[in-house]
Amino acid sequence: MNKTIKDIYLLNQQKQTVETEYALDNWYNRLIDKTEEEVDLTDVCRMILQNVFIEIAIKKDGYIG
């Protein structure tokens, strides 16, 4: 089953039509629309640094080590 992070964590955020001026906000908004399989190494690093969705980051630990 390919649920997005938004669906997994039951986030109730509306899709923004305009990108914000902040890179972190833009990344977060793109991230929550990804499935676990779509999360890449850059996402994993940022998830750990920002302390968000750590469970998914740990599942993707095949990138690390």
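Laboratory data are not the source of any read-out in this text; all were calculated from the coordinates shown. Nothing here was measured: the structure is a model prediction, and the numbers come from that model. With ideal geometry, Cβ positions are generated from the backbone for all residues, glycine too; neighbour counts draw on all protein chains shown.
With a Cα cut-off of under 16 Å and a minimum spacing of 8 residues unless on different chains, the lysine pairs in the chain number 8. Highest mean packing comes first when the peptides 19-30, 41-52 are listed by Cβ atoms within 10 Å, giving 41-52, 19-30.
Given in Å, the Rg to one decimal and the Dmax to the nearest whole number for the Cα atoms of the chain are 11.9, 38.
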